[in-house]
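Chemist: Have a look at the structure that comes next, please.
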């Protein structure tokens, strides 16, 4: 805290209040633009991610033939639909300043539950409902523990992760194939797009989830409260906002999204297995951060998380196309990118005066 | 103008005729914290359309009183009425819903959201189930223009200086139609122009009938803005006054003057004369830190107690911290026993035999979950290095000796420190530093917020230590205390040293005058 500036009385000529920005020239203009909306500085981070995506993709198109085909780009959505949904749930949680380490395990739980219930002859719509409800319930319990008992989200969701993973094994150790009609139909059929391209139903669903999330975050009181909590939880409480309900709510959303991601994953892979999705929660966190959302909360866009997933997908695709590179290079690249983005956030955060 | 009212007697409330019925009346508020009464039978009345200053030094109970009003702390006795009806708020949200808004020094808004969002958050206009952003912005614009504030409602709150953020917080209060606005030290980090802007807005709200409770330690500002004031000291009501009828010297006296309870005079030898040519234990020349304390000279000789007197924010704590290396000086140099020393970190100071008891007892000293014994031995053990543990029996003996010497209660080395009263915690911290046998002891408000008995014991101890040759720098908000136990007094005002008096020349009136003078030339 700074000590007050006490000037000698003779200097106390009332000055006009300081203008918000005083930088001259084009830099000032850019700065003012960045600050002109609540999402201005977040928009900047998302733009950086978008540029990165374009650069990566462009580099791939030049380096490898066939990389530039539109379907390669669409396949990023198809192959990562489950991760997009996961990242959306994670975005809600991280915007409040929390974290959800359970989502990868909940994905596995979703696949195992779906596969074993279908095997037992349950109707597919009921199975879907049960899986989604289970995810939401787990999230609700974790949210209650985090808010009600004032526990660290890290520990609570770590416990949730072990719990979900354990339940998977309790249900079935070995992998269970999925042969249900609805699941296989959704897996095989695609939405035809102009130019002979296509998207899977899963990818379309993931995009719908992103759109709904963006609406909720920006157009509802719940969404604005999510941002307010991330900005300052104590202030949000002093302003009389529904802090408790909202904090529990984001974990319900994350649990629900994880279960939905699990369903998409079971459609994608047509099996349920306890060891599916190991480390997936970390991919989701990486995508959210690369997408410009600040880990301490309050700043970020759900669209950024979508782009973050696509960046991760592009890196994976690039290394697959090369063929000569070990797949561990994906991890190395993602690691470096994460670091770069966190540094970038620190720098832009400082510039826009909202660094913590 | 009438002569200064005697500060020992609470002013008769009837002496200030009420302009109308009070909107807020707090009566007989008492809050008991472990070991000390934070508030003892305090009353406060706020009338519509007045700016009421709440005055008092650190630990006087201002913040506690505000927290009792706004539902943060429960009170043990007393009543709060709002608009004539008794209320008991249990959360800040309750108080806010009833029309009491608070603007804190550290703005309680969300820096990551826009000005508009911060004004309407939680009460956004909605259309067809979704937030109507255009209507939100219209409403924010209307409130801002009512207050004649030129702030872009679309800008992010965090991009503005604190002053503007505070004005936005006030705009939010206006938007929720607050009847009572509490401003808790809003001006501490504002410059003159920003204060003028804030006061303009405060006056316009007052003229609309809002009751404003204003807390500040800048006398000049209080005299500029307030209509009436309530003065607290040591958790007790000193009195309620009309600002225009209370001369500044009387206010300062009311805030830091005579203790209500009588303390026995200390058996104190006459100040030891400083021998000509003696090397001071600590000599600071031009010691200062930009923005915190102007360069000042201080000399502390062996066996002398030097008091630092001044109001809160005058720089007394800042100067002490520089002498310990807790903050880094930006000017001046320090000599310890005649040798130049660069006090970059507390470690340097400790190695030279300097010890520092911080005013922030909770934040910088007490390890509540350790026992009394461990807390006492902490600094000595740190000094020995962790590889050379203090033998158990020697440790027990030292702890027992200090518990007895300082009369720590309960006299149980195994008690957890957090279960002790404030005064006893302070004694334990004092014991911690005394064990390291410092040659210069810096005490920053060692008697703040502790009961009278413990206060007297600490004062006696300081006198005794000085008698044994230790040098002491003693910072206190209570002038009488400083005058009673110090050999010389350094007077600070507005971040600079204004006088260096020998105790024999210093009188209460003289020092009060020095402290208040800066605030009277306007």
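Derivation of every value follows stated rules applied to the coordinates shown; laboratory data play no part. This one's a predicted model, so the numbers in the text were calculated from it and none came from an experiment. Counting neighbours? That spans all protein chains shown, and the Cβs are built from the backbone with ideal geometry, glycine included.
Chemist: If you take every DSSP beta bridge fully contained in segment B:291-517, what fraction is antiparallel? Give it as a percent rounded to 5.
Modeler: Here the share of antiparallel DSSP bridges comes out near 35 percent.
Chemist: What is the mean number of Cβ atoms from other protein chains located within 10 Å of the Cβ atom of each residue in peptide B:97-110, rounded to a whole number?
Modeler: On the way: counts 1, 0, 0, 0, 2, 1, 0, 2, 1, 4, 2, 7, 7, 16.
Per-residue shielding by partner chains comes out at 3.
Chemist: Between segment B:364-378 and segment B:283-303, how far is it from one alpha carbon centroid to the other, in angstrom?
Modeler: The two parts, judged by their Cα centres, are 31 Å apart.
Chemist: Once you average over the residues of A:228-236, how many Cβ atoms of partner chains fall within 10 Å of each Cβ?
Modeler: That works out to 6 on average.
Chemist: Order B:111-121, B:87-97, B:351-361 from most to least packed using the mean count of other Cβ atoms within 10 Å. Display every interim value, and only then the final one.
Modeler: Details: B:111-121: 27.3, B:87-97: 16.7, B:351-361: 19.9.
Result, highest mean first: B:111-121, B:351-361, B:87-97.
Chemist: Could you please state, rounded to a whole Å, how far the C-alpha centre of segment B:452-501 is from the C-alpha centre of segment B:59-80?
Modeler: With segment B:452-501 and segment B:59-80 each reduced to a Cα centre, they are spaced 30 Å.
Chemist: Here's something else I'd like to know. Could you tell me how many degrees, from 0 to 90 and to the nearest 10, lie between the Cα long axis of helix B:162-175 and the main elongation axis, the longest principal axis, of the Cα atoms of chain B?
Modeler: The two axes meet at around 40 degrees.
Chemist: Report the calculated FRET efficiency for residue B:148 and residue A:63 (r = Cβ-Cβ distance, R0 = 51 Å), to the nearest 0.05.
Modeler: The formula returns an efficiency of 0.25 here.
Chemist: Can you pull the Kirkwood radius for segment A:90-163, inverse mean 1/r over Cα pairs, to one decimal in Å?
Modeler: 13.1 Å
Chemist: Per-residue Cβ counts within 10 Å, from other chains only, averaged over B:116-126: what number is that?
Modeler: 4
Chemist: Remind me, relative contact order of segment B:291-517 in percent, using alpha carbon pairs under 8 angstrom and six or more residues apart?
Modeler: 33 percent
Chemist: Sticking with this structure for a sec: What order do you get for B:495-501, B:454-460, A:290-296 when each peptide is scored by the mean count of other beta carbon atoms within 10 Å, highest first?
Modeler: Ranking the peptides B:495-501, B:454-460, A:290-296 by packing returns A:290-296, B:454-460, B:495-501.
Chemist: Kindly work out what percent of the DSSP beta bridges joining two residues of chain B are antiparallel, to the nearest 5.
Modeler: 55 percent
Chemist: Follow-up question, since we're still on this one. Calculate the FRET efficiency for residue A:207 and residue B:162 from the Cβ-Cβ distance with a Förster distance of 41 Å, rounded to the nearest 0.05.
Modeler: It comes to 0.45.
Chemist: How tilted is helix A:25-35 with respect to the longest principal axis of chain A? Cα atoms for both, answer in degrees (0 to 90, nearest 10).
Modeler: Result, in degrees: 60.
Chemist: In deg cm²/dmol and to the nearest 500, what is the mean residue ellipticity at 222 nm of chain B if only DSSP H runs of at least 4 residues count, each as -39500 (n - 2.57), divided by the residue total?
Modeler: The per-residue figure over chain B is -10000 deg cm²/dmol.
Chemist: Taking the 0 to 90 degree range and rounding to the nearest ten, how far is the long axis of helix A:328-351 tilted relative to the main principal axis of chain A, both from C-alpha atoms?
Modeler: That works out to roughly 20 degrees.
Chemist: From the square roots a ≥ b ≥ c of the eigenvalues of the alpha-carbon gyration tensor of segment B:291-517, which class results: rounded (a/c under 1.5), prolate (a/b over b/c), or oblate?
Modeler: Here segment B:291-517 falls in the prolate category.
Chemist: Take each of the peptides B:126-134, B:432-440, average the number of other beta-carbon atoms within 10 Å over its residues, and list them starting from the highest.
Modeler: B:432-440, B:126-134
Chemist: Please tell me the relative contact order of chain B in percent, rounded to the nearest whole number, where contacts are Cα pairs under 8 Å and at least six residues apart.
Modeler: It rounds to 17 percent for chain B.
Chemist: Distance between Cα centroids, segment B:109-144 to segment A:43-97: provide it in whole Å.
Modeler: About 33 Å separates the Cα centre of segment B:109-144 from the one of segment A:43-97.
Chemist: I would also like to ask the following. Relative contact order for segment A:185-257: what percent, with Cα pairs under 8 Å and sequence separation of 6 or more?
Modeler: Worked out over segment A:185-257, it gives 16 percent.
Chemist: Round to the nearest 0.05 the FRET efficiency obtained for residue B:333 and residue B:505 when R0 = 25 Å and r is the Cβ-Cβ distance.
Modeler: Using R0 = 25 Å, I get an efficiency of 0.35.
Chemist: Can you tell me the convex hull volume per residue for chain B, based on C-alpha atoms, in Å³ to the nearest whole number?
Modeler: Residue-normalised Cα hull volume stands at 173 Å³.
Chemist: Kindly list the residues of segment A:171-204 that lie in the label zone of residue A:320, defined by a backbone N under 20 Å from the point 7 Å along the Cα-to-C-beta vector.
Modeler: Residues A:186-193, A:196-204 qualify, since their backbone N sits under 20 Å from the label point.
Chemist: So, one more: With the cut-off at 1.5 for a/c, could you classify the protein assembly as shown from its C-alpha gyration tensor as rounded, prolate or oblate?
Modeler: Details: a/c = 2.21, a/b = 1.77, b/c = 1.25.
Prolate, because a/c is 1.5 or more and a/b exceeds b/c.
Chemist: Sort chain A into rounded, prolate or oblate with this rule: let a ≥ b ≥ c be the square roots of the eigenvalues of the Cα gyration tensor; rounded if a/c is under 1.5, and if a/c is not under 1.5, prolate when a/b is larger than b/c, oblate otherwise.
Modeler: oblate
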